[in-house]
Amino acid sequence: MLAGLLIGARAIFPPRDPAAVGSAAIRDLGLTLAFLILVIGLTMALGARILGRLNPQAMSNPEKLVFGFALGSGALAYAVLGLGFAGWLSRAGVSLLLLGLAWWLSPRLAQLAKEFGTLPRRALEMWKCLAGLERAIAVAALAIALLAFIHSLTPPSDYDGLMYHLLGPKLFLEAGSLYPSSDNGYINGPFTIEMLFALGMAFRDDVFPKLIHYCFGLLFVGGTYVVSRRWLSIRGSWLSVAVLLGVPTIPVWASFAYIDLGWSAFEFLALAAMLRWHAEKDSRWLVLSGSLTGLALASKYLGLFGVAILGGFLVLTAKDAGGRTLLRQMLRFLAPAALVAAPWYIKNTIWFANPVYPLVLGGPGWDPTRVELYTAYLTSFGTGRQLLDYLLLPWNIYAHHDRFGSVMNQIDIPSVLFPLVVLFPWRGSAAGVRALIIIALARFALWSFGSQQIRFLLPIYPALSIGAAHVIEGIGARRRSWLHINPVAGLALGLTSITLFYQIRMTLDSRIVPVIVGAESREAYLSRTVRDYPAMKAGGELIRQADRVLLLGDGRGYYCLPWCVPDPDHFRWAAEIVELPGATSLGEWFSSRNISYVLLSWEDLDFLLQHDPRGVMEQASRTLIEWRDAGCLQPEFVDEWAALYRVACTG
């Protein structure tokens with residue numbers, strides 16, 4: 001009944017108009033949060049049912065919560081995927097799905113409500129058992145989580161969210177189903193977490209996806225604590241949280257409409273389940289590891305690295321058991337992984353004859369030149385690909401971290417405490433921690449051969465945090481101060497405080513509260529936070545029915561489609577421009593595509609010129625500037641961040 005009333009209210013009261021201010025914002029906020037609670041409840045109830053069937057041995061209640069949420073989120077996402085394949089991906093289809101699940105799972109939902117009613121009492125009991133250090137970490141973590149939550153309530157402004165994480169579900173909902181796209185290669189990839197985004201976006205709620213990713217951020221950090229309790233003391237587990245939250249980008253990522261923390265949580269929990277199997281030889285943990293590995297594969301192509309690492313670990317640890325036993329164990333791991341991930345890769349094989357479209361093999365709309373340019377962009381991150389560069393990677397990702405980042409470059413840096421894991425032999429590590437650290441280091445080595453973006457290291461951050469906390473616990477420094485901590489533990493707490501300070505500063509600098517409570521419109525907020533939004537808005541006001549605006553190198557089409565032509569792979573339009581023989585053909589090129597305006601984002605162009613190993617963007621930018629100076633591009637809107645030009649020469 002309550003689910004029906006909520007879904008009905010969500011449908012009757014759509015989100016406020018972008019230019020609106022006032023109390024409608026509070027109504028939107030209340031409906032969004034209530035809808036989130038419903039979805040999280042269904043997720044946990046589904047996860048509990050799946051875990052009840054799988055029933056791994058000796059699983060604690062916190063582990064049931066963490067692993068259950070991961071499995072439940074995947075199951076719910078696949079239910080939405082089923083709607084997409086059936087052609088029923090719409091508001092009505094989503095509503096019927098949620099109502100059906102609420103009816104089926106109602107007994108479990110009622111039980112969950114009772115359990116969460118006891119949460120304050122259990123939290124107080126836990127607080128009483130904590131010493132000074134743990135309490136300080138808990139307070140800092142809670143403050144960081146609260147500020148990240150507040151940031152999650154703002155309109156989406158993050159780059160990848162606007163480029164495909166939000167755009168994909170929006171386009172699929174408009175079409176009523178999933179469909180192949182050669183223009184935006186990203187939306188063809190594994191899209192499991194984005195299917196959860198579609199639940200809210202079916203009701204035009206694009207804040208809901210940010211909150212979903214925030215919940216995965218809680219899973220990422222909470223999973224680190226829960227898994228660490230197998231090997232560390234209570235103090236050590238809280239230290240692992242402090243080390244992890246000492247990475248200032250984590251709460252920032254959590255407040256974005258991204259999927260990275262979900263993918264990373266799946267991959268880390270798959271590793272944790274694998275180590276439980278290794279320690280207890282209960283094959284149900286192996287099936288659980290394979291299922292979570294499948295969800296990582298179904299969320300991002302980079303999940304293939306996780307399969308390689310865990311599969312290699314399984315072979316090395318089970319090879320002495322005999323060929324038949326090894327084969328059975330490999331099947332218990334790989335079969336659920338393949339079964340879970342299969343829909344995305346089979347879909348791409350049928351549509352494009354390339355399971356990892358558009359990467360490696362290319363496919364329709366992706367000729368070898370386009371694939372080569374995009375691959376060159378991905379491999380442009382880092383300090384080089386020579387032997388010495390690989391040897392110096394552990395140093396360079398700290399000393400030159402800006403070369404390894406695509407967003408938040410100033411603070412996109414791993415924890416300075418992660419290198420402590422190399423001291424684990426001195427610490428006399430337990431077998432589980434030793435395996436955790438070695439696998440994380442192997443995963444780091446595999447990462448180095450792909451796109452060296454620091455963000456893609458997120459799956460090993462929990463393992464490195466646990467390893468670093470394990471080493472910190474063993475440092476025999478004299479305990480001092482009222483917190484009873486050694487100096488390195490104090491450093492871990494200090495780094496967490498820096499993350500908290502950065503969150504406070506972001507909250508004040510971004511002025512996020514007015515847009516949340518309705519004192520500021522979404523449009524005004526986006527004009528401050530999305531640098532080319534004012535130019536994009538000007539383009540929308542100038543555009544006529546048959547005209548379009550070209551976004552050179554800028555893939556963010558969420559707020560401007562269908563009248564804009566974004567550039568998700570960043571170099572597609574630049575490559576075509578540099579191949580044109582002269583100025584006349586450039587005018588004809590614009591005319592043939594019904595492009596009447598060009599939007600240049602100076603910030604995007606500056607970034608792409610730093611990741612332009614073929615010099616394509618540099619040549620295209622120079623060509624357009626020369627064309628502008630010749631009078632063929634007339635300025636319609638110019639500010640410090642972007643410029644909108646009208647195409648005056650059409651050939």
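For region 91-119, a tally of residues being of a type outside the set (A, V, I, L, M, F, W, C), assigned to a helix (DSSP H, G or I) and farther than 12 Å from Leu199 by Cα returns 8. Candidates in region 330-362 are the residues that are over 18 Å from Val307 (Cα atoms) and among the β-branched types (Val, Ile, Thr); of these, the one that is modelled with the lowest pLDDT is Val360. Within region 338-371, the residues that satisfy the criterion of being surrounded by 14 or more Cβ atoms within 10 Å (Cβ to Cβ), within 23 Å of Ser406 (Cβ to Cβ) and free of Cβ contacts under 8 Å to residues at least 40 places away in the same chain are Gly362, Val371. If only one of Ile150, Ile144 is assigned by TED's automatic domain parsing to the domain that holds Val241, crowded, with 21+ Cβ neighbours inside 10 Å, part of a helix (DSSP H, G or I) and at pLDDT 95 or above, which one is it? Going through Ile150, Ile144 in turn, just one is assigned by TED's automatic domain parsing to the domain that holds Val241, crowded, with 21+ Cβ neighbours inside 10 Å, part of a helix (DSSP H, G or I) and at pLDDT 95 or above: Ile144. Screening region 305-330 for residues that are surrounded by 14 or more Cβ atoms within 10 Å (Cβ to Cβ) and of a type in the set (A, V, I, L, M) and picking the one that is nearest to Pro364 (Cα to Cα) gives Val307.
Condition check for Gly476 on (1) under 23 Å from Leu393 (Cα atoms); (2) at pLDDT below 85: one failure, at (1).
When the criteria are applied in full, Arg204 meets the requirement of being surrounded by fewer than 24 Cβ atoms within 10 Å (Cβ to Cβ), among the basic types (Lys, Arg) and outside any helix (DSSP H, G or I). It is to be established whether one or more residues within region 639-647 are outside any loop (DSSP other than H, G, I, E, B), over 25 Å from Pro169 (Cβ atoms) and of a type in the set (Asp, Glu). No, region 639-647 has no match at all.
Looking at (1) hydrophobic (A, V, I, L, M, F, W, C); (2) modelled with pLDDT under 95; (3) closer than 19 Å to Leu269 by Cα, which is the one condition that is false for Ile234? Among (1) hydrophobic (A, V, I, L, M, F, W, C); (2) modelled with pLDDT under 95; (3) closer than 19 Å to Leu269 by Cα, Ile234 violates only (3). Considered as a group, the residues in region 36-50 that are surrounded by fewer than 21 Cβ atoms within 10 Å (Cβ to Cβ) and without any contact (Cβ under 8 Å) to a residue 40 or more places away in the chain include one that is nearest to the chain's Cα centre (by Cα), and that residue is Ile37. Val221: assigned by TED's automatic domain parsing to the domain that holds Lys64, surrounded by fewer than 21 Cβ atoms within 10 Å (Cβ to Cβ), over 23 Å from Leu359 (Cβ atoms) and in contact (Cβ under 8 Å) with a residue 12 or more places away in the chain, yes or no? No.
Within region 384-397, not a single residue is in a loop (DSSP other than H, G, I, E, B) and buried (at least 17 other Cβ atoms within 10 Å of the Cβ).
Does Val66 count as of a type outside the set (Gly, Ala, Ser), assigned to a helix (DSSP H, G or I) and either without any contact (Cβ under 8 Å) to a residue 24 or more places away in the chain or over 21 Å from Phe268 (Cβ atoms) (or both)? No: the conditions fail for Val66.
When Ser60, Ser90, Ser23, Ser106 are screened for being closer than 30 Å to Pro514 by Cβ and either surrounded by 21 or more Cβ atoms within 10 Å (Cβ to Cβ) or hydroxyl-bearing (Ser, Thr, Tyr) (or both), only Ser23 passes. Only one entry of Ala273, Ala335 meets the criterion of being over 23 Å from the mean Cα position of the chain (by Cα) and touching a residue at least 12 places away in the same chain (Cβ under 8 Å), and that entry is Ala335.
Scanning region 419-442 for residues that are among the aromatic types (Phe, Trp, Tyr) and either within 31 Å of the chain's Cα centre (by Cα) or under 13 Å from Leu310 (Cα atoms) (or both) returns a single hit, Phe424. From the list Gly168, Gly185, the one residue that fits, being at pLDDT below 95 and buried (at least 22 other Cβ atoms within 10 Å of the Cβ), is Gly185.
Within region 243-268, being part of a helix (DSSP H, G or I) and more than 16 Å from the chain's Cα centre (by Cα) holds for Val243, Leu244, Leu245. Out of Leu561, Leu542, report the one residue that is at pLDDT below 95 and either among the hydroxyl-bearing types (Ser, Thr, Tyr) or farther than 20 Å from Tyr164 by Cα (or both). Within the list Leu561, Leu542, the selection yields Leu542.
The values are calculated or read from the model by the stated rules, or taken from the named source; none is laboratory data. Here the structure is a predicted model, which means the values were calculated and not measured. Cβ: placed from backbone, ideal geometry, glycine included. Neighbour counts: every protein chain shown.
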